1. With the structure loaded, tell me whether Leu135 is over 16 Å from the mean Cα position of the chain (by Cα) and aliphatic (A, V, I, L, M) or whether it fails that test.
2. Within segment 126-166, can you find the residues that are in contact (Cβ under 8 Å) with a residue 60 or more places away in the chain, touching a Gly at 6+ places or on another chain (Cβ under 9 Å) and charged (D, E, K, R)?
3. From Leu114, Leu104, which residue is surrounded by fewer than 24 Cβ atoms within 10 Å (Cβ to Cβ), in contact (Cβ under 8 Å) with a residue 24 or more places away in the chain and not basic (Lys, Arg)?
4. Take the residues in segment 185-205 that are of a type in the set (D, E, K, R) and out of contact with any Ser or Thr (no Cβ under 8 Å at 6 or more places or on another chain), then tell me which one is surrounded by the most Cβ atoms within 10 Å (Cβ to Cβ).
5. Out of all the residues in segment 61-74, is one or more under 22 Å from Gly165 (Cα atoms), of a type outside the set (A, V, I, L, M) and modelled with pLDDT of 95 or more?
6. Here are Glu197, Glu175: which of them is out of contact with any helix residue (DSSP H, G or I) (no Cβ under 9 Å at 6 or more places or on another chain), at pLDDT below 95, more than 14 Å from Met111 (Cα to Cα) and not hydrophobic (A, V, I, L, M, F, W, C)?
7. Is it true that some residue in segment 123-145 is touching a Ser or Thr at 6+ places or on another chain (Cβ under 8 Å) and small (Gly, Ala, Ser)?
8. Restricting to helices (runs of 4 or more DSSP H) lying wholly in segment 75-175: which have 2 or more residues that are touching a strand residue (DSSP E or B) at 6+ places or on another chain (Cβ under 6 Å)?
Amino acid sequence: MVWQDAQNPVEALPGSGNSETDAGGGVTVVRKACIPAFGKMQAGQDLVLAGHIALWGTSKLASVGEERLKERFTLRFIRRCQKVYESRGISVTPERFGAASWCLPGEGGIMAALWDYLSHFGLGFEIDLKKLAVLQETIEVCEVFDVNPYRLHAGGCLLFTAENGGRLAGELEREGICAAVAGRITGDIGRRIINGETQSFLDRPKPDELYKTDKRSDMKEAGYEGTNFSGD
């Protein structure tokens, strides 16, 4: 677990889950549950990401797709990718660092976590996409399998809000944990994503990118069809 002694999780708002129909096979993929949230979130708080996104998804994808990765990378690099969740996943107690609220991202990636997190409290945010830390291992693996790291299982990181996110991030950094203020909470329900000169709005969550790879013909031929991608 990333948090300890967490109490009073906020109930998810109706309709904050998602489903999507696969046009190819008519199969509907539904996320198992919305990401739970804890604490109290208010407009004006800073939004902090601790750790790197998509660690669990990277490890899983590198494990089930090892043969594909061998076409491009050394075995040593592949092993590193397979162990990023174990080696880089974080374990902290949010209250210790003064977090007002927090959630543990998982299935659906960091974008699904952001959607669920804010939906619990009925608030919005502005976030700088470039402040969401991504390891090079994740970038390389995602490129090979043509998946979006922001929608890849994000187990191994943590989202916080705090009145002073800079101080919270600094305390985490002193503990050796990568952390940065990624944005701020707003009073409306808009979910704005800033990426350099462009601005967009967060879409409703989509099925985890791992399900997308599970349908790839090359993965099926390698014997990975029906792989268990649960983060349990």
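1. No: the conditions fail for Leu135.
2. Answer for segment 126-166, where residues must be in contact (Cβ under 8 Å) with a residue 60 or more places away in the chain, touching a Gly at 6+ places or on another chain (Cβ under 9 Å) and charged (D, E, K, R): Glu126, Asp128, Lys130, Lys131, Glu163.
3. Result of the check over Leu114, Leu104: Leu104.
4. Per the stated criteria, the residue is Arg191.
5. No; the residues of segment 61-74 include none that is under 22 Å from Gly165 (Cα atoms), of a type outside the set (A, V, I, L, M) and modelled with pLDDT of 95 or more.
6. Working: Glu175 fails: out of contact with any helix residue (DSSP H, G or I) (no Cβ under 9 Å at 6 or more places or on another chain).
Result of the check over Glu197, Glu175: Glu197.
7. Yes.
8. 109-121, 165-174
The values are calculated or read from the model by the stated rules, or taken from the named source; none is laboratory data. Just so it is clear, the model here is predicted, and its values are computed rather than measured. A quick note on method: Cβ atoms are made from the backbone with ideal geometry, for glycine too, and the neighbour counts reach across all protein chains shown.
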